[in-house]
Amino acid sequence: MAGDLVSATYCVRQPFSQAEIGHFKSVILVSRMNLFWGLNWKAIPQNLTERSAVDRPDIVIGCVDSRAGRTVIHLKVTGHQSDVSYYLDLGNHANGGQFVLGQPWNWRNRRNATRLRTAPEILPELIDPALDNDGQPSCSALEALERQEPFVNQTLANHALGLLARLFRYGAIEHHGAFVNLQSNRVQPLAIDPKIWKRLRRRGRLLIQQAA
């Protein structure tokens, strides 16, 4: 969430420095982008809740580490009150993760077979709170590394940015996400195919049933 503060463990797995400990992650990242690319973006260091106003952005990018947080984003971009065009979700685990670009079903993206399904639609286990862990941050650098290999976040972010760059530059994409595994050095693209969406959704529901 945007209200997160940089802790010492973030400096192990993410590109933050010791001097940035105690500062809001959102403010630091937006300040960097403004400095590098001459932008005038504004950071809002607040947690997103069900009462938060999302002022109809063209694209929402979610990088949260809990299913509860992802559920809030999913609810904010979905439904007749939302005008969001795209929702890019990034999620990680110990050795990799996935990123999915979708068109949430809302006022702008009507229900049809060609609409890009979002991550929660394809992978329902991503928003099932029963599958969440304790939700506690790592208390030491060693524990942080045991939970997740270094460079996982950066690798996923670079792949996701590459997808957006192709969409903005060419106006079309062949895949709308991928599954990344740093342990095996494999990247499995997510094809724009309703059959694959259905297969993944069925697998996710099975995981939820097993955890119940």
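The values are calculated or read from the model by the stated rules, or taken from the named source; none is laboratory data. Just so you know, these numbers come straight off a predicted model, no measurement behind them. Note that we place each Cβ from the backbone using ideal geometry, even for glycine, and neighbour counts take in every protein chain shown.
Working only within the stretch 1-26, note down all residues that are within 21 Å of S66 (Cα to Cα), of a type outside the set (S, T, N, Q) and surrounded by 16 or more Cβ atoms within 10 Å (Cβ to Cβ).
M1, A2, V6, Y10, C11, V12, R13, F16, F24, K25
Kindly list, by first and then second residue, each pair from a residue in the stretch 7-26 that is outside the structural domain of P150 (by TED's automatic domain parsing) to a residue that is in a loop (DSSP other than H, G, I, E, B) and among the charged types (D, E, K, R), limited to pairs with Cβ atoms under 9 Å and residues at least 6 apart or on different chains.
Matching pairs, first to second residue: Y10/D4; R13/E149; F24/D4; K25/D4; S26/D4.
Scan the stretch 9-25 residue by residue and report those that are within 18 Å of the chain's Cα centre (by Cα) and not hydroxyl-bearing (S, T, Y).
Hits for the stretch 9-25 are R13, Q14, P15, K25.
Just a yes or no: is a residue in the stretch 70-91 in contact with a helix residue (DSSP H, G or I) (Cβ under 6 Å, 6 or more places away or on another chain) and farther than 30 Å from R110 by Cβ?
no
Within the stretch 48-84, take every residue that is at pLDDT below 90, outside any helix (DSSP H, G or I) and under 15 Å from the mean Cα position of the chain (by Cα) and give me the one that is nearest to N158 (Cα to Cα).
C63
List every residue pair whose Cβ atoms lie under 9 Å apart, where the two residues are 6 or more positions apart in sequence or sit on different chains, the first residue falls within the stretch 109-133 and is more than 17 Å from H176 (Cβ to Cβ), and the second residue, located anywhere, is among the polar types (S, T, N, Q).
If the second residue must be among the polar types (S, T, N, Q), the pairs left are I127/T71; D128/T71; P129/S66; P129/T71; D132/S66; N133/S66.
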